[in-house]
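Since the structure comes first, as structure tokens, the remarks are kept for the end.
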Amino acid sequence: MKKYPLILLIAFPLVFLLFVRYGYQFNGLYGQDSHAYLRYTKELQIWFFTTTTLSYFIWPIIYPLIGAFISLVFGNEILILQLISALSLSGVCYYTYKLHEVKKNKQRLIPYFFLFLCLSPIMLKSSIVIMSDMLCLFFIMGAWFYSFEYKKNLALKSVLIASVFSAFAVTTRHVAPLLLIVPMVVVLQVMFKTRLWVHLFIGGLIVVSIIAPQLWIKSDELAKAFSHDLFQEISIRNLFKREFTTAAGTNRYLLPNILGVLYPFVHLLFYLPGVIVLYFFQPKKDISKRKYLWIGLGVYLLFLAIVPYQNKRFLMLTMPFVAMILAPSFTRFYKVIKKRYQVQTLFTVVVIFIQLGVFTYTFNIIYQRNILEQKTAQVINSYPNKTLYGFDLDISLPSYGCNKEIKNLWKDVYPKFRKGSLLLFNVEKNRVQWKDKNPMINWRNLITNYNIIKLNDLGNGYILYEIQ
């Protein structure tokens with residue numbers, strides 16, 4: 001492999017986003033979270049200049065807050081939020097590479113990080129959608145880099161920047177503190193050892209100054225966030241379970257949690273050569289030289305293994321750590337194929353082809369969902385009915401200009417339904433997961449006590465009805 005310039009590692013995510021956005025007209029919106037971030041970004045823009053009360057928003061606010069500030073200048077909130085995700089991947093790649101240098105490894109592994117971090121299908125996917133994951137990972141990697149810079153040079157500048165990155169990470173995703181334990185301990189250890197109390201005071205003041213306003217503005221939402229099943233039903237027993245019934249319904253997964261958290265090491269969606277590279281892994285040497293990375297990753301994966309939930313979005317945050325941990329193993333593997341088989345170019349081409357192939361497969365899922373959401377909004381806007389009862393797709397409708405009164409079938413059990421209203425529902429998709437939960441309770445009430453007339457088959461099992 002040739003030594004690609006660092007600029008390729010940084011510029012590619014932006015170029016890739018522009019290709020997907022304008023080549024496929026993909027605006028980054030799909031599912032509940034992305035539409036919630038867009039909604040809150042727009043609300044914040046109004047809130048800046050009025051006394052309007054902000055609506056309920058369970059997630060930390062830094063991602064939509066940054067989007068709102070930038071959109072005030074440039075407009076187009078959707079594009080701005082997508083650009084934040086793409087540029088965050090550039091930052092993740094940059095700080096991962098720089099952190100690898102700080103760890104006293106002289107190998108220049110830009111091609112490696114390009115192929116297996118930047119081109120990782122789950123990283124590419126996260127860089128083009130309106131979600132806070134990639135921005136949070138950018139802040140996490142920046143915090144790691146400047147924390148170890150501080151350990152090396154004891155510069156006040158390093159600890160100040162590390163504090164800013166850490167505080168922003170915590171106010172971007174609730175799980176961020178778990179991945180910041182190691183750099184925080186490293187910095188505190190250095191401060192207490194060198195008695196740099198001024199550094200401790202200033203760094204702590206910065207963290208508090210950034211986190212405190214959010215705690216004040218969103219204290220109620222924060223309390224509700226930590227009452228979520230993700231935190232309330234943590235148990236060692238979840239290590240060995242693969243089926244969970246929570247407020248999110250009943251979900252059954254392929255593997256128990258203890259194995260599911262290992263996906264980043266072996267799954268094609270995360271790290272392509274994982275199974276092969278692990279053969280070249282040398283525990284004694286590789287673990288001792290990267291003990292901080294192993295500890296940081298281990299703490300986070302243990303947490304994910306004991307929650308009643310599996311979500312590959314949470315595992316995406318591990319990718320820089322996996323890439324750095326397995327870099328020596330990959331180097332050994334690559335030396336073998338370089339010396340024995342002389343297939344460096346072919347290897348690179350095959351890797352790129354497979355990575356983009358896996359990305360295309362996973363992207364098509366969210367792309368089709370995006371098309372379905374836009375089509376649904378267009379169809380529903382064509383009906384004069386003022387009220388819509390719905391679940392799942394109803395979350396996306398306001399993003400596309402639907403101004404009907406929307407009543408969500410998950411939030412409440414409705415004893416009575418307003419006749420003449422529209423109903424949007426997918427019976428087959430919800431029958432098992434939401435059995436005996438609000439969506440199916442409401443559905444049984446509707447088919448038992450009302451006459452529901454099918455108006456439009458929107459595809460993928462979603463049907464639009466009228467309640468009579």
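Across the stretch 450-462, what is the total count of residues that are outside any loop (DSSP other than H, G, I, E, B) and in contact with a helix residue (DSSP H, G or I) (Cβ under 7 Å, 6 or more places away or on another chain)?
Final tally of qualifying residues: 5.
In the list Ile130, Ile181, which residue meets the criterion of being surrounded by 18 or more Cβ atoms within 10 Å (Cβ to Cβ), of a type in the set (Val, Ile, Thr) and either closer than 26 Å to Trp59 by Cα or touching a strand residue (DSSP E or B) at 6+ places or on another chain (Cβ under 9 Å) (or both)?
Going through Ile130, Ile181 in turn, the sole match is Ile130.
So for the stretch 391-414 (the condition being polar (S, T, N, Q) and touching a Ser or Thr at 6+ places or on another chain (Cβ under 6 Å)), does at least one residue qualify? Walk me through how you get there before you give the answer.
Residues of the stretch 391-414 polar (S, T, N, Q): 396, 399, 403, 408.
This time we only want the ones that are touching a Ser or Thr at 6+ places or on another chain (Cβ under 6 Å), so: none.
So far as the stretch 391-414 goes, no, none of its residues is polar (S, T, N, Q) and touching a Ser or Thr at 6+ places or on another chain (Cβ under 6 Å).
Cβ-Cβ under 6 Å, sequence separation 6+ or interchain: first residue in the stretch 138-152 and of a type in the set (S, T, N, Q), partner assigned to a helix (DSSP H, G or I). Which pairs?
Taking only residues 6 or more apart or on different chains, the pairs are Ser147/Ala162; Ser147/Pro183; Ser147/Val186; Ser147/Val187.
Taking the stretch 249-271 as the search range and keeping residues that are touching a Leu at 6+ places or on another chain (Cβ under 8 Å) and over 19 Å from Leu239 (Cα atoms), which one is modelled with the highest pLDDT?
The residue in question is Phe270.
Does Ser88 count as among the small types (Gly, Ala, Ser), more than 29 Å from Gln355 (Cα to Cα) and touching a residue at least 24 places away in the same chain (Cβ under 8 Å)?
Considered against the rule, which asks whether it is among the small types (Gly, Ala, Ser), more than 29 Å from Gln355 (Cα to Cα) and touching a residue at least 24 places away in the same chain (Cβ under 8 Å), Ser88 comes out as no.
Of the residues Ile352, Ile371, Ile365, only one is in contact (Cβ under 8 Å) with a residue 24 or more places away in the chain and of a type in the set (A, V, I, L, M, F, W, C); which?
One residue alone meets the criteria, Ile352.
Out of (1) touching a residue at least 40 places away in the same chain (Cβ under 8 Å); (2) surrounded by fewer than 18 Cβ atoms within 10 Å (Cβ to Cβ), what's the single condition that is false for Asn311?
(1)
Residue by residue, here is whether (1) assigned to a helix (DSSP H, G or I); (2) surrounded by 15 or more Cβ atoms within 10 Å (Cβ to Cβ); (3) in contact with a Leu (Cβ under 6 Å, 6 or more places away or on another chain) holds:
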{"position": "Tyr279", "(1), (2), (3)": "yes, no, no"}
{"position": "Tyr300", "(1), (2), (3)": "yes, yes, yes"}
{"position": "Leu304", "(1), (2), (3)": "yes, yes, no"}
{"position": "Ala323", "(1), (2), (3)": "yes, yes, yes"}
{"position": "Phe330", "(1), (2), (3)": "yes, yes, no"}
{"position": "Lys335", "(1), (2), (3)": "yes, no, no"}
{"position": "Thr345", "(1), (2), (3)": "yes, no, no"}
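If Gly28 passes every condition in (1) at pLDDT 95 or above; (2) on the phi < 0 side of the Ramachandran plot; (3) not charged (D, E, K, R) but one, which one does it miss?
Tallying (1) at pLDDT 95 or above; (2) on the phi < 0 side of the Ramachandran plot; (3) not charged (D, E, K, R), Gly28 fails exactly one: (2).
Can you tell which of Leu29, Leu89, Leu54 is in a helix (DSSP H, G or I) and of a type in the set (A, V, I, L, M)?
Residue meeting the stated conditions: Leu89.
Name the residue, out of Val185, Val190, that is at negative phi, in contact with a Lys or Arg (Cβ under 7 Å, 6 or more places away or on another chain) and either aliphatic (A, V, I, L, M) or assigned to a helix (DSSP H, G or I) (or both).
On inspection, the qualifying residue turns out to be Val190.
Across the stretch 348-403, what is the total count of residues that are in a helix (DSSP H, G or I), surrounded by fewer than 19 Cβ atoms within 10 Å (Cβ to Cβ) and in contact with a strand residue (DSSP E or B) (Cβ under 8 Å, 6 or more places away or on another chain)?
4
Filter the stretch 428-461 for residues that are among the β-branched types (Val, Ile, Thr) and either surrounded by 18 or more Cβ atoms within 10 Å (Cβ to Cβ) or under 27 Å from the mean Cα position of the chain (by Cα) (or both) and give the result.
Pass one, the stretch 428-461, residues among the β-branched types (Val, Ile, Thr): 432, 441, 447-448, 452-453.
Within the stretch 428-461, just Val432 meets the criteria.
Scan the stretch 420-449 residue by residue and report those that are part of a loop (DSSP other than H, G, I, E, B) and either in contact with an Asp or Glu (Cβ under 9 Å, 6 or more places away or on another chain) or modelled with pLDDT of 95 or more (or both).
Across the stretch 420-449, the qualifying residues are Gly420, Ser421, Asn426.
With the structure loaded, tell me whether Leu301 is at pLDDT 95 or above and touching a helix residue (DSSP H, G or I) at 6+ places or on another chain (Cβ under 9 Å) or whether it fails that test.
Numbers: at pLDDT 95 or above: yes; touching a helix residue (DSSP H, G or I) at 6+ places or on another chain (Cβ under 9 Å): yes.
Spelling it out, Leu301 is indeed at pLDDT 95 or above and touching a helix residue (DSSP H, G or I) at 6+ places or on another chain (Cβ under 9 Å).
Here is a list: Gly249, Gly274, Gly260. Which entry is more than 27 Å from Leu89 (Cβ to Cβ), out of contact with any strand residue (DSSP E or B) (no Cβ under 7 Å at 6 or more places or on another chain) and touching a residue at least 40 places away in the same chain (Cβ under 8 Å)?
That would be Gly249, the only listed residue that is more than 27 Å from Leu89 (Cβ to Cβ), out of contact with any strand residue (DSSP E or B) (no Cβ under 7 Å at 6 or more places or on another chain) and touching a residue at least 40 places away in the same chain (Cβ under 8 Å).
Anything in the stretch 205-248 that is at pLDDT below 70, in a helix (DSSP H, G or I) and more than 11 Å from Tyr309 (Cα to Cα)? List them, or say none.
Answer for the stretch 205-248, where residues must be at pLDDT below 70, in a helix (DSSP H, G or I) and more than 11 Å from Tyr309 (Cα to Cα): Ile217, Ser219, Asp220, Glu221, Leu222, Ala223, Lys224, Ala225.
For the stretch 57-82, give me each residue that is surrounded by fewer than 22 Cβ atoms within 10 Å (Cβ to Cβ) and part of a loop (DSSP other than H, G, I, E, B).
Residues satisfying the conditions are Phe57, Ile58, Trp59, Gly75, Asn76.
The values are calculated or read from the model by the stated rules, or taken from the named source; none is laboratory data. Remember, predicted model here, so these are calculated numbers, not experimental data. All Cβ positions, even for glycine, are placed from backbone atoms using ideal geometry, and neighbour counts span all protein chains on display.
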